[in-house]
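None of the figures in this text is laboratory data; all of them are computed from the coordinates on show. Worth saying up front: this structure is predicted, and the values here are computed from it rather than measured. Ideal geometry is used to build each Cβ from the backbone, glycine not excepted, and the neighbour counts take in all protein chains shown.
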Amino acid sequence: MLARARVQGIVARWFAGDEVYGGRELRCEARRLGFDYALAVRADHHVTTACGRFTAAELAQLVPKKAWMRMRTGHGLKGDRHYDWALVDVHPDDTPDGHEAGHAFLVIRRHRYTGEVSFYRCHSANPVTLATLVEVICHRWKIEEDFQLHKGTCGLDQGQTTCWNSWMRWTLISMLAAAVLTVTRVRTAAASPTGPAGIVTASARELLRILRATVLPAPCRDYDQYCTGPPGVAAISIRPPRPTATGTTSPQPQRLDQQQCPTDQELQLPFLTLQL
């Protein structure tokens with residue numbers, strides 16, 4: 001996904017993720033592609049400092065009290081969220097060949113009441129402040145909140161599918177519904193003169209036009225032809241109907257198996273990023 005983003009010309013500096021993505025191999029590849037990162041790591045993750053090698057949990061216990069900084073990280077149902085943060089310089093262990101070492105950190109977050117701690121392995125090619133790293137880390141929470149919102153509002157996690165093709169269709173429709181609702185809310189808040197009904201119709205029409213032009217194959221009624229979509233989309237072959245005992249033909253229901261489903265490399269889905 002990171003390599004595909006660069007190939008498509010997406011300009012981004014930071015790569016953020018949870019503990020699943022904190023491995024050394026992925027961090028090294030992210031740096032090779034020119035990404036700085038802020039990735040969550042487990043408590044037993046090992047880092048090397050100027051004083052020796054420690055686990056993240058051991059290093060958190062060595063941080064002096066005056067080194068913790070309390071920062072606001074957002075607003076929740078119970079008010080503003082504040083955490084204590086600490087920044088520790090560590091030695092980078094994922095420098096690709098031909099790249100400079102840069103600046104590596106271990107960011108420690110501590111809950112102000114429960115004392116629960118979380119750890120983030122970070123790297124930046126240029127000097128960076130703790131406030132910038134905290135901002136990158138908190139941006140990942142907004143993505144998870146969007147997923148939760150889409151699950152509860154548009155049924156993103158309610159599709160009972162058995163193959164990639166049906167999963168792709170359900171996910172695409174759920175994402176489209178979420179995009180329509182988001183655009184509708186933004187334009188409604190802007191007090192458009194067309195009114196709420198016109199906003200919904202215009203937003204849906206615009207998104208469907210983009211969808212047809214980039215993803216959906218062109219309609220085809222001829223069984224002897226292939227239903228082909230835009231360049232880069234795999235063609236789906238429609239088998240001709242089987243002859244019946246009387247010599248006539250009747251169309252048979254077609255089943256798309258997994259081999260006929262286009263792969264994610266062949267099918268480039270348009271991801272819409274909408275921010276209120």
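Convex hull of alpha carbon positions in region 10-98: directionally averaged projected area 8.2 nm².
Note on residue 61 and residue 163: the model spin-label points, each 7 Å out from Cα along the C-beta direction, lie 5.5 nm apart. Rounded, prolate or oblate: which fits region 1-158 when a ≥ b ≥ c are the square roots of the eigenvalues of the alpha-carbon gyration tensor, with rounded for a/c under 1.5 and prolate only if a/b beats b/c? Oblate. Within region 68-177, the proportion of C-alpha pairs whose separation exceeds 18 Å stands at 64%. For region 20-63, dividing the convex hull volume of the Cα atoms by the residue count gives 91 Å³ per residue. Between residue 125 and residue 25, what's the calculated FRET efficiency when r is the beta-carbon distance and R0 is 25 Å? Round to 0.05. That pair, residue 125 with residue 25, gives E of 0.85. What the pair-distance distribution of region 100-158 shows, using all Cα-Cα distances binned every 5 Å from zero, is 4, 14, 18, 17, 15, 12, 12, 6, 2, 0 percent.
Looking at region 90-146, which chymotrypsin sites (Phe, Trp or Tyr not before Pro) are in a loop (DSSP not H, G, I, E or B) and have at most 12 other Cβ atoms within 10 Å? The qualifying sites are 113.
Here the Karplus curve 6.51 cos²θ - 1.76 cosθ + 1.60, taken at θ = phi - 60°, turns the phi angles of region 106-111 into couplings of 10, 9, 10, 10, 10, 5 Hz, with x standing for Gly and Pro.
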